[in-house]
Amino acid sequence: MSLFETPTATQTAAVDAAIASRRSMRAFLPTPVPQTLLEEILGLAARAPSGTNIQPWQVHVLTGTAKDRLCDRICAIYENPAELAQHEREYDYYPKEWTSPYIDRRRKVGWDLYKLLGIAKTDKEAMHRQHGRNYRFFDAPVGLLFSIDRILEQGSWLDYGMFLQTLMIAARARGLHTCPQAAFTQFHRVIAEELSLRPDQAIVCGMALGYADPEAAENQLLTERADLGEFVTFHGG
């Protein structure tokens, strides 16, 4: 498609389908993802907009033993309460005080997921195990970690979100699925050591990428979205 022509109905449908079918998958098949395909997806993601084209993203692609080594280290800490208490998040992802409607949405998606997995509200041990699967990238063959220079400000974090979304849509258009994971920020010191990051680099999040397991119960989760009337205001003349 040229830069200024109107997309065909088929082209529009393909983009819409990739956006609409993107979900956070939490169980993956062991099927490898070729590096050439990863490079293709990341190259497309790099077309995401950023203020004055500064392109703040730094991507770390983990596969094989490199991924296993990091996962092993983090999981060992996660299962040790004394060790876990020494690790704090890189930044506050969620508000310190929750209000409606945000707390309601958060609770609903959590309980919907646990219901699919057969986890009761009182089963803290099962919840702990399920959360811990984050640190195996939900068994995806590819783990992505994203860092940013600490000198950059809030605008660059907004740019980063557009980069992540573009990456996820590009992956979906190629039959892959993803799961963005803020959970990794708690272990930013371990990640920095494993990846030899400079002190001026902050961890933004992680992401599982691969072919989703269609039989996994957790992958049947379909999250709700608010109606336009809840978040859109039209201002006309």
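What the table shows:
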read-out	value
Per-region count, region 178-237, residues within 20 Å of residue 164 (Cα to Cα) and of a type in the set (Val, Ile, Thr)	6
Breaking point among (1) surrounded by 12 or more Cβ atoms within 10 Å (Cβ to Cβ); (2) more than 19 Å from the chain's Cα centre (by Cα); (3) of a type in the set (Phe, Trp, Tyr), for residue 98	(1)
Among (1) open to solvent by less than 40 Å² (accessible area, probe 1.4 Å); (2) out of contact with any Lys or Arg (no Cβ under 6 Å at 6 or more places or on another chain); (3) not polar (S, T, N, Q), the one test that residue 168 misses	(2)
Residue satisfying condition, being charged (D, E, K, R) and in contact with a helix residue (DSSP H, G or I) (Cβ under 9 Å, 6 or more places away or on another chain), within set 112, 149, 200	149
Matching option when the condition is in contact with a Phe, Trp or Tyr (Cβ under 8 Å, 6 or more places away or on another chain), closer than 21 Å to residue 72 by Cα and not small (Gly, Ala, Ser), among 148, 191	191
Positions within region 22-65 being in contact (Cβ under 8 Å) with a residue 60 or more places away in the chain, part of a helix (DSSP H, G or I) and charged (D, E, K, R), in sequence order	40
Listing of helices (runs of 4 or more DSSP H) fully contained in region 116-201 that carry 2 or more residues being in contact (Cβ under 8 Å) with a residue 40 or more places away in the chain and farther than 24 Å from residue 31 by Cα	154-172, 188-195
Selected residue (criterion: least open to solvent (accessible area, probe 1.4 Å)) from residues of region 182-237 that are of a type in the set (Ser, Thr, Tyr) and more than 24 Å from residue 100 (Cβ to Cβ)	185
Odd one out for residue 136 among (1) more than 15 Å from the chain's Cα centre (by Cα); (2) at pLDDT 95 or above	(1)
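Residues checked against (1) open to solvent by 70 Å² or more (accessible area, probe 1.4 Å); (2) on the phi < 0 side of the Ramachandran plot; (3) modelled with pLDDT under 95:
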position	(1), (2), (3)
41	no, yes, no
52	yes, no, no
57	no, yes, no
60	no, yes, no
65	yes, yes, no
70	no, yes, no
75	no, yes, no
83	yes, yes, no
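The values are calculated or read from the model by the stated rules, or taken from the named source; none is laboratory data. Note that the structure is a prediction, hence the values are computed from the model and not measured. For neighbour counting, all protein chains shown are included, and Cβ atoms are generated from backbone atoms with ideal geometry for every residue, glycine included. Ligands, DNA and RNA are stripped out before the accessible areas are found, and what is left, the full protein with its side chains, is counted by its heavy atoms. Shrake-Rupley method; radii C 1.70, N 1.55, O 1.52, S 1.80 Å.
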